[in-house]
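The values are calculated or read from the model by the stated rules, or taken from the named source; none is laboratory data. Fair warning: this is a prediction, and the values are worked out from it, not measured in the lab. Methodologically, a virtual Cβ is constructed for each residue, glycine included, from the backbone with ideal geometry; neighbour enumeration extends over all protein chains shown.
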Amino acid sequence: MAVNLEKFQSPGKGNGLRVLKDTCVGVTVYSSLPYAYTVCIKHKKKPVCDYCLLRKEKLLRCSQCKVARYCAALCQKKAWQDHKRECICLKSIFPSVPTDSVRLVAKIIFKMLQQSDSASEELYSIFDLQSHVDKVSEEIKEGLGHLTTALQHFLKNEVQDLSQLPSGFQALEYFGKVICNSFTISDGEMQDIGVGLYPSMSLLNHSCDPNCVIVFEGRRLLLRTVKEISKREELTISYIDVKIPTEERQNQLFRQYSFTCECHGCLLRDKDEDMLAGNKQSTKDVKDLVSRLEELQSQNNTEEALRLCEDLINSSQLPDKNIHKLRILEIAMDSCIMLGQWEKALHFGKRSLEPYNLYYSNYHPVRAVQFMKIGKLQNYQRIFPEALKTLKQAFEIMKVTHGRDHSLTQQLVELLNDCEANLKAM
């Protein structure tokens, strides 16, 4: 419930969200289930439950559509009310699967046709959301047109005539609303697992140095404060990864959200020099190879990804704080973990900590998760004093960004207790 929040007109930004009382660091100021959501297609190889979004080794596949998966019969039963119409549509185009945005807009349509209330619309409704389709380029409009055609094809067996849709519904507008207002749902390790619409949270404006962060517990969105916030002060989040140079941030924000950020960091181009430190040509060469590495990862070609990462790390003269070199270190670490090469994984992970402290300053969930991963590696390799120090650093961040009751924080506490016990037993 948004007891201490209110919608207001933010100067120069349109609608905004602010607190009605002084608020401390590390407080959940809002919590909500989504109006509608869907699992990301790219997680077909590492599937999550379509209802609770938890990842399990074995999932039950819907016997009708063969696409939706559930961790147990109970989740499948709970999901049926929202899945039954989608199920018919998925079955009609199998083995094809629609894009995330097509599947999400279809779910929004089915939700509207149910005419059921949603707590996620407490401050701002699905009808209030802005689409900004009048501001996008012709290229993007053309892409939205293709999505509209795909949506009509997907819905053909369940909604034969678009006149059956809610009054005033325009598919192009709703694809625009999804692009501008949806949230990427992440798991405990900040990996994307789904996309959802939380209308009231669309009131939050962007800042490259925000006073709040959003984390997820399954489907549930948690808005957490990471700074002291005064009464009637606006709440802000970062719409994008802050570990991006100013020009790229500006382009990304304008392309997707149709505005130009004028925060202090953008005006000063703060940290751009660090992010692109080193030789320009080397930076370009490494940047060009990152997409190839990510493709190898997605194909589970882990050994080849690691080999290429190690070649780049050994040959590149770029400092670790260069964001493209840092991305190589991240991929190398994750590849080593997948291959069980713990010592190498720790080596690459430790090299990432200084850049993480530079770019994810103060309280940031990504920084907390990286510290936790490295602490796990140290604990597994029985480097208990270092592990305890790293895990405590992770906890100091995570108790603010996630809260003590979050399942990931509880896992971290268990890991800390295990590490302390091992250290005492030495």
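A few notes on this one:
- Among residues that are under 20 Å from Y360 (Cα atoms) and not assigned by TED's automatic domain parsing to the domain that holds E139, E234 is not included.
- Residue in the stretch 92-104 that is surrounded by fewer than 18 Cβ atoms within 10 Å (Cβ to Cβ), β-branched (V, I, T) and within 21 Å of G196 (Cβ to Cβ) present: yes
- Residue pairs whose Cβ atoms lie under 6 Å apart, sitting 6 or more positions apart in sequence or on different chains, and linking a residue in the stretch 44-66 that is touching a residue at least 24 places away in the same chain (Cβ under 8 Å) to a partner that is of a type in the set (A, V, I, L, M) and in a loop (DSSP other than H, G, I, E, B), are D50/A68; C62/A68.
Here's the yes/no breakdown for (1) part of a loop (DSSP other than H, G, I, E, B); (2) assigned by TED's automatic domain parsing to the domain that holds Y359; (3) not acidic (D, E):
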residue	(1), (2), (3)
I240	yes, no, yes
K243	yes, no, yes
F254	no, no, yes
G265	no, no, yes
K287	no, yes, yes
L293	no, yes, yes
Q297	no, yes, yes
A305	no, yes, yes
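- Only one of Y174, Y124 that is more than 18 Å from I240 (Cβ to Cβ), assigned to a loop (DSSP other than H, G, I, E, B) and at pLDDT 90 or above: Y124
- Test: residue in the stretch 134-141 that is modelled with pLDDT under 90, in a helix (DSSP H, G or I) and under 14 Å from A106 (Cα atoms): no
- G349 vs. criteria of a type outside the set (F, W, Y) and buried (at least 24 other Cβ atoms within 10 Å of the Cβ): yes
- Of residues in the stretch 358-396 being among the polar types (S, T, N, Q) and surrounded by 16 or more Cβ atoms within 10 Å (Cβ to Cβ), the one nearest to E189 (Cα to Cα): Q370
- Verdict on C309 being in a helix (DSSP H, G or I) and either under 23 Å from S200 (Cα atoms) or modelled with pLDDT of 95 or more (or both): yes
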